[in-house]
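Worksheet for the structure shown next.
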Amino acid sequence: QVQVVESGGALVQPGGSLRLSCEASGTVFSVYNMGWYRQVAGEQRELVAAFVSGGRPKYGEFVKGRFTFSADNAKNTVYLQMNLLQPEDTAVYYCYYRRGTFNYWGQGTQVTVSS
């Protein structure tokens, strides 16, 4: 069993920055099985960032160099540094830990970008 807990969501002005954190606990083998999705009410979840083979991050197309996805294996924690936030980035951000074909999801953290 794995527990996933996100933190760091907040209200921020356009052009601002936020850093989201996500910690996995329980039977965790590698933080490189973790990633982020986001969801706007009434829409499908979309990939924000995840690790591909070799531990390199991949990002959703909308990121366009604004976000940085990183990991601390010793802490079983991943981070999402988000810069140049725009109103369209407003969403609930969900972290997951993948084991095989199953994802353990966190409860989500709200990011609101508004003036």
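Some points to look at:
- Within the shell defined by Cβ-Cβ distances under 12 Å, the residues around SER7 carry a net charge of -1, with Lys and Arg each +1 and Asp and Glu each -1.
- Excluding ligands, DNA and RNA, the accessible surface per residue across the chain is 54 Å² with a 1.4 Å probe.
- Cα→Cβ-extended label distance, 7 Å offset, between THR101 and LYS58, nm: 1.9 nm
- A simple spin-label model places the labels of SER30 and THR112 3.9 nm from each other, with each point 7 Å out along Cα-to-Cβ.
- Distance in nm between pseudo-label sites at ASN83 and GLN13 (7 Å out along the Cβ direction from Cα): 1.9 nm
- Using Cβ point charges alone (K and R +1, D and E -1), the dipole size of the chain about the Cα centre works out to roughly 280 debye.
- Cα centre as origin, Lys/Arg/Asp/Glu Cβ charges: segment 64-115 dipole, Debye: 200 debye
- Average Cα contact separation per residue, the chain, under 8 Å, 6 or more apart, as relative contact order %: 37 percent
The values are calculated or read from the model by the stated rules, or taken from the named source; none is laboratory data. Only a predicted model underlies this, so the values are computations on that prediction, with no experimental measurement involved. We place every Cβ from the backbone using ideal geometry, glycine too, and count neighbours over all the protein chains shown. Quick note on the areas: whole protein, heavy atoms, side chains included, nothing else; ligands and nucleic acids left out. Shrake-Rupley method; radii C 1.70, N 1.55, O 1.52, S 1.80 Å.
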